[in-house]
Each structure stands twice: as C-alpha cells, then as structure tokens.
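J.: Sharing a structure, written as structure tokens. Questions coming.
Nothing in this text is a laboratory measurement; each read-out follows from the coordinates by a stated rule. What you are looking at is a predicted structure, and each value in this text was computed from that prediction instead of being measured. Glycine also receives a Cβ, built like all others from the backbone with ideal geometry; neighbour counts cover every protein chain displayed.
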Amino acid sequence: MRSLRIRIYGDDILRAESAEVEKFDGELGELIEKMVETMIVEDGVGLAAPQVGVSRRIAVVNPDPQNPDTLLTLVNPRIRSCSDETDCVEEGCLSVPGIRGRVERPIAIEVEYQDRHGGRHCVKVVGLVSRIMQHEVDHLDGVLFVDRLSFGRKTLVKGRLRDLARKGKRE
Ligand code: CO
C-alpha cells in the first residue's frame with residue numbers, strides 16, 4: 001500500500017473546517033488503513049485526514065509506536081470536557097516539519113467519537129494520549145499547534161513558517 005502525501009503548512013486544506021463523516025463504508029475503511037500506514041511510515045504519533053488532503057473528521061492516534069495495540073481511530077471526535085489542570089509540553093507536527101514548541105493544554109479530556117463502523121464510544125484520557133487527541137481534533141477545525149505557541153515563540157518561528165508556506169504553495 002502506498003502512503004499518502006502529507007500536506008505542508010501553507011496548504012489551504014489545513015485551515016479548513018472538516019466535514020462530519022456520515023457514511024461508514026468500505027471507502028472510509030480504506031482511507032483509515034492508508035492513514036495508519038502513512039502515520040507509521042512518517043513516524044508520527046497521530047494524523048488527521050486534512051493532513052493527507054481529505055477534509056473529513058477522521059484522525060488516527062498511535063501514542064506508543066512500538067505497541068500497535070494503542071492505535072486508535074477517531075471518527076467525528078468531539079471533546080466533551082477538559083480538566084482545569086493544564087500542562088505545557090513540546091509538540092511537533094508532520095505538516096509543520098522542522099518546527100517544535102511548547103503548547104499549554106488541559107491534562108485530561110473526555111472524548112466522544114465513532115469507530116470505523118459507526119459505533120459510538122466515549123473515553124477519558126490523560127497525559128500523552130489526551131495531548132495527541134487534542135492536537136488532532138484541532139486539525140479538524142483548521143487549527144495548528146503553532147497557533148497555540150506563546151507570543152515569544154511565535155515571533156521566533158515566524159520566518160521559518162513563512163518559508164514553509166512558500167514551499168507548500170509551490171508543491
Ligand atoms: Co499535527
């Protein structure tokens with residue numbers, strides 16, 4: 001199976017709000033398989049559909065790449081509640097290569113989502129999984145982690161983001 005091309009910062013699809021998934025068919029299953037494959041090939045811990053050019057509310061997360069049992073597919077995820085307690089941890093993104101930065105997020109969340117067959121689930125997650133899920137749900141709303149950096153850090157990476165955007169547009 002060939003992996004999908006990752007869209008890079010500057011590509012408009014990364015800024016669009018993705019559409020709800022309504023049909024849970026073979027085509028959806030195939031897309032999810034390809035997303036998982038791409039995430040593994042690219043060595044990521046999460047991937048959202050807009051990052052591979054599909055503006056639909058689908059994300060895959062893989063907090064422990066050594067352990068395939070931790071792999072989770074989220075269709076139409078919705079964050080139902082967040083802890084008041086936050087932490088500030090360094091993040092990166094396959095769509096923003098070469099740039100990392102600390103992002104403050106709630107430590108624990110409750111997420112409602114559907115699986116690839118349409119079954120409904122609700123999980124409470126904490127720590128790394130919670131952080132990855134919040135990062136991926138952001139993608140589905142057109143938000144990137146660089147939007148959430150501190151003012152100082154944003155200023156520092158501004159030039160590099162501009163370069164990425166120029167390259168992304170050319171591709
Ligand atoms: Co990302």
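J.: Which condition number in (1) surrounded by 14 or more Cβ atoms within 10 Å (Cβ to Cβ); (2) within 16 Å of the ligand (Cβ to nearest atom) is the one that Arg78 fails?
T.: With (1) surrounded by 14 or more Cβ atoms within 10 Å (Cβ to Cβ); (2) within 16 Å of the ligand (Cβ to nearest atom) applied to Arg78, the lone miss is (2).
J.: So which residues in region 95-128 are free of Cβ contacts under 8 Å to residues at least 24 places away in the same chain and buried (at least 17 other Cβ atoms within 10 Å of the Cβ), if there are any at all?
T.: Within region 95-128, just Val125 meets the criteria.
J.: Right, next: Consider region 77-119. How many of its residues are over 16 Å from the mean Cα position of the chain (by Cα) and part of a loop (DSSP other than H, G, I, E, B)?
T.: Looking only at that region, the number is 10.
J.: Return yes when Arg131 is over 17 Å from Gly98 (Cα atoms), of a type outside the set (Gly, Ala, Ser), part of a helix (DSSP H, G or I) and in contact (Cβ under 8 Å) with a residue 40 or more places away in the chain and no when it is not.
T.: When the stated conditions are applied, Arg131 passes them.
J.: For region 21-36, check the following and say yes or no: at least one residue is within 16 Å of the chain's Cα centre (by Cα), over 14 Å from Arg5 (Cα atoms), within 16 Å of the ligand (Cβ to nearest atom) and surrounded by 17 or more Cβ atoms within 10 Å (Cβ to Cβ).
T.: no
J.: Working only within region 58-99, note down all residues that are among the charged types (D, E, K, R) and in contact with a Phe, Trp or Tyr (Cβ under 9 Å, 6 or more places away or on another chain).
T.: Hits for region 58-99 are Arg78, Glu91.
J.: Right, next: Checking Arg153 against (1) part of a helix (DSSP H, G or I); (2) within 16 Å of the ligand (Cβ to nearest atom); (3) more than 27 Å from Val21 (Cα to Cα), only one condition comes out false. Which one?
T.: (2)
J.: When Val61 is evaluated against the numbered criteria (1) surrounded by fewer than 19 Cβ atoms within 10 Å (Cβ to Cβ); (2) closer than 22 Å to Arg5 by Cα; (3) within 14 Å of the ligand (Cβ to nearest atom), which criterion, by number, is the only one it fails?
T.: (1)
J.: Considering Val45, Val21, which residue is of a type outside the set (Gly, Ala, Ser) and over 18 Å from Gly118 (Cα atoms)?
T.: Of the residues listed, the single one that is of a type outside the set (Gly, Ala, Ser) and over 18 Å from Gly118 (Cα atoms) is Val45.
J.: Sticking with this structure for a sec: So, of the residues in region 87-118 that are small (Gly, Ala, Ser) and within 20 Å of Ser18 (Cβ to Cβ), which turns out to be nearest to the ligand (Cβ to nearest atom)?
T.: Looking at the filtered set, the residue picked out is Ser95.
J.: Within 24 Å of Leu28 (Cα to Cα), in contact (Cβ under 8 Å) with a residue 60 or more places away in the chain, under 14 Å from the mean Cα position of the chain (by Cα) and surrounded by 17 or more Cβ atoms within 10 Å (Cβ to Cβ): does that describe Val146? Steps first, answer last, please.
T.: Values: within 24 Å of Leu28 (Cα to Cα): no; in contact (Cβ under 8 Å) with a residue 60 or more places away in the chain: yes; under 14 Å from the mean Cα position of the chain (by Cα): yes; surrounded by 17 or more Cβ atoms within 10 Å (Cβ to Cβ): yes.
When the stated conditions are applied, Val146 does not pass them.
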